[in-house]
Amino acid sequence: MHTDVIIIGGSYAGLSAALQLARARRRITVVDAGQRRNRFASHSHGFLGRDGHSPSAIADEARQQLLAYSTVHWLAGEATQASQVAGGFEVVVNGQPLSASRLVLASGVTDELPEIEGLRERWGRSVFHCPYCHGYELNQGAIGVLANNAMAMHQAQLLPEWGQVTLLLNGAFVPDDEQQALLTRCGVKVEHAQVLRLEDHASVVLKDGRRLHFSGLFTVPSTRMTNDLPHQLGCALEHGPVGSYLRVNELKETSVPGVFACGDTARGFSNVAMAVGDGAMTGASVHRSLVFDH
């Protein structure tokens, strides 16, 4: 089956890109594996008009609206192969080949969480990575920052806007004199003891037996591409402090002509609002390429 555009990823960025193309009456196939990055969170914040709504409800409503357009085909499954062919691209989904003139990569990234007992089951509930998404609801209470990489310093300096912060180093690094001065200036406490596990809502048990109680915890996970398609296609990468993402130009096109990318796949930092904006720009750019680039 040949369509104008195949979009890999049916979350916020992919849905937004698809909507622009559907409204241009283009034939689209959206391939979705059903693994939204924020599926662990019960509420989404900071997206205009949907503040506090369930992430799944936002995505489900958007999908229903998209599927009202007759040129949209939704395919549940995982894209495992992608390559350039005459006239565009071929993508293998559920073992079946699909082809299109343009390709949009919007399958996002996978978070690789710190290996701390009790963290994974609290991810998105009392352990977070984005203060703009979850900081307000902590009501200026005690906040712990679990160091995992160099971004812990950034979080520790930013989060005092939302509460009283303790930076839990957990062996990830030791602040130098300049960093310690910055933390002191921000009113951040520094805890050197090793973290053994998380308990209750957001309590931290240290190796020396102490328990620290927090309203919520933040950490910056490392990330990796959700699939191998960018590598198969030869797309150039940018390397950020926590992981790689696709290099795109101002029109959201990758280094491979005809392949576009949006959302977490193509940003070092993102949230729902940014992903939707990225997708809208990508959809319009893809449509224009179909019209003007031959």
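The values are calculated or read from the model by the stated rules, or taken from the named source; none is laboratory data. What you see is a predicted model; the values in this text were computed from it and never measured. For neighbour counting, all protein chains shown are included, and Cβ atoms are generated from backbone atoms with ideal geometry for every residue, glycine included.
Checking Val256 against (1) at pLDDT below 95; (2) within 30 Å of Asp4 (Cβ to Cβ), which test does it fail?
Just one mismatch for Val256, condition (1).
Among the listed residues Glu137, Glu121, Glu78, identify the single one that is acidic (Asp, Glu), at negative phi and not assigned by TED's automatic domain parsing to the domain that holds Val190. Talk me through it step by step, then tell me what you get.
Values: Glu137 fails: not assigned by TED's automatic domain parsing to the domain that holds Val190; Glu121 fails: not assigned by TED's automatic domain parsing to the domain that holds Val190.
So the residue among Glu137, Glu121, Glu78 that is acidic (Asp, Glu), at negative phi and not assigned by TED's automatic domain parsing to the domain that holds Val190 is Glu78.
Could you tell me which residue of the range 209-249 is nearest to Arg37 (Cα to Cα), considering only residues that are touching a Lys or Arg at 6+ places or on another chain (Cβ under 7 Å) and of a type in the set (A, V, I, L, M)?
To start, the set of residues in the range 209-249 that are touching a Lys or Arg at 6+ places or on another chain (Cβ under 7 Å) comprises 236-238, 243, 245.
Then drop every residue that is not of a type in the set (A, V, I, L, M), which leaves 236-237.
On the way: Ala236: 23, Leu237: 20 Å.
Step by step, filter the range 209-249, then rank; the result is Leu237.
Can you tell me which residues in the range 44-61 are free of Cβ contacts under 8 Å to residues at least 60 places away in the same chain and either among the charged types (D, E, K, R) or not assigned by TED's automatic domain parsing to the domain that holds Tyr12 (or both)?
First, pick out the residues of the range 44-61 that are free of Cβ contacts under 8 Å to residues at least 60 places away in the same chain: 49, 51-54, 56-57, 59-61.
Those that are free of Cβ contacts under 8 Å to residues at least 60 places away in the same chain and either among the charged types (D, E, K, R) or not assigned by TED's automatic domain parsing to the domain that holds Tyr12 (or both): Asp51, Asp60, Glu61.
Quick one: would you say Ala57 is farther than 13 Å from Ala273 by Cα, among the small types (Gly, Ala, Ser) and either modelled with pLDDT of 90 or more or surrounded by fewer than 17 Cβ atoms within 10 Å (Cβ to Cβ) (or both)?
When the stated conditions are applied, Ala57 passes them.
Taking the condition outside the structural domain of Pro241 (by TED's automatic domain parsing), in a strand (DSSP E or B) and more than 21 Å from Asp111 (Cα to Cα), does Leu212 pass?
On the way: outside the structural domain of Pro241 (by TED's automatic domain parsing): yes; in a strand (DSSP E or B): yes; more than 21 Å from Asp111 (Cα to Cα): yes.
Spelling it out, Leu212 is indeed outside the structural domain of Pro241 (by TED's automatic domain parsing), in a strand (DSSP E or B) and more than 21 Å from Asp111 (Cα to Cα).
Report, by residue number, each residue of the range 256-294 that is more than 14 Å from the chain's Cα centre (by Cα), surrounded by fewer than 16 Cβ atoms within 10 Å (Cβ to Cβ) and part of a loop (DSSP other than H, G, I, E, B). Full working, then the answer.
Restricting attention to the range 256-294, the residues satisfying the condition of being more than 14 Å from the chain's Cα centre (by Cα) are 256-260, 280-294.
With the extra rule that they be surrounded by fewer than 16 Cβ atoms within 10 Å (Cβ to Cβ), the set shrinks to 257, 288, 291-294.
The answer is Pro257, Asp293, His294.
How many residues does the range 229-249 contain that are without any contact (Cβ under 8 Å) to a residue 40 or more places away in the chain, in contact with a strand residue (DSSP E or B) (Cβ under 9 Å, 6 or more places away or on another chain) and either in a loop (DSSP other than H, G, I, E, B) or surrounded by 21 or more Cβ atoms within 10 Å (Cβ to Cβ) (or both)? Even if it seems obvious, please write down each step before you answer.
Of all residues in the range 229-249, those without any contact (Cβ under 8 Å) to a residue 40 or more places away in the chain come to 231, 234, 236-240, 244, 247-249.
Narrowing further to those that are in contact with a strand residue (DSSP E or B) (Cβ under 9 Å, 6 or more places away or on another chain): 231, 234, 236-240, 244, 247-248.
Going one step further and asking which of them are either in a loop (DSSP other than H, G, I, E, B) or surrounded by 21 or more Cβ atoms within 10 Å (Cβ to Cβ) (or both), we end up with 234, 236, 240, 247-248.
Matching residues across the range 229-249 total 5.
Tell me the residue from Arg25, Arg50 that is at pLDDT 95 or above and of a type in the set (D, E, K, R), please.
Numbers: Arg50 fails: at pLDDT 95 or above.
The unique qualifying residue is Arg25.
Among the helices (runs of 4 or more DSSP H) contained in the range 100-204, which hold 1 or more residues that are within 20 Å of the chain's Cα centre (by Cα)? Steps first, please.
Numbers: elements: 131-134, 151-158, 177-185.
The qualifying helices (runs of 4 or more DSSP H) are 131-134, 151-158.
Are there any pairs, at least 6 apart or on different chains, whose C-beta atoms fall under 6 Å, with the first in the range 180-201 and closer than 17 Å to Phe218 by Cβ and the second modelled with pLDDT under 95 and part of a strand (DSSP E or B), and if so, which?
Sorted first by the residue in the range 180-201, then by its partner, the list stays empty.
On the given criteria, is Arg23 touching a helix residue (DSSP H, G or I) at 6+ places or on another chain (Cβ under 8 Å) and on the phi < 0 side of the Ramachandran plot?
When the stated conditions are applied, Arg23 does not pass them.
Working only within the range 66-99, note down all residues that are within 23 Å of Arg36 (Cβ to Cβ), in contact (Cβ under 8 Å) with a residue 12 or more places away in the chain and either under 21 Å from the mean Cα position of the chain (by Cα) or exposed (fewer than 12 other Cβ atoms within 10 Å of the Cβ) (or both).
Answer for the range 66-99, where residues must be within 23 Å of Arg36 (Cβ to Cβ), in contact (Cβ under 8 Å) with a residue 12 or more places away in the chain and either under 21 Å from the mean Cα position of the chain (by Cα) or exposed (fewer than 12 other Cβ atoms within 10 Å of the Cβ) (or both): Ala76, Gly77, Glu78, Ala79, Thr80.
Restricting the first residue to the range 117-136 and requiring it to be closer than 21 Å to Ala150 by Cα, which pairs with a second residue that is of a type in the set (D, E, K, R) and part of a helix (DSSP H, G or I) meet a Cβ separation below 8 Å and a spacing of at least six or different chains?
Once the first residue is closer than 21 Å to Ala150 by Cα and sits in the range 117-136, its partners that are of a type in the set (D, E, K, R) and part of a helix (DSSP H, G or I) give Pro131/Glu161; Gly135/Glu161.
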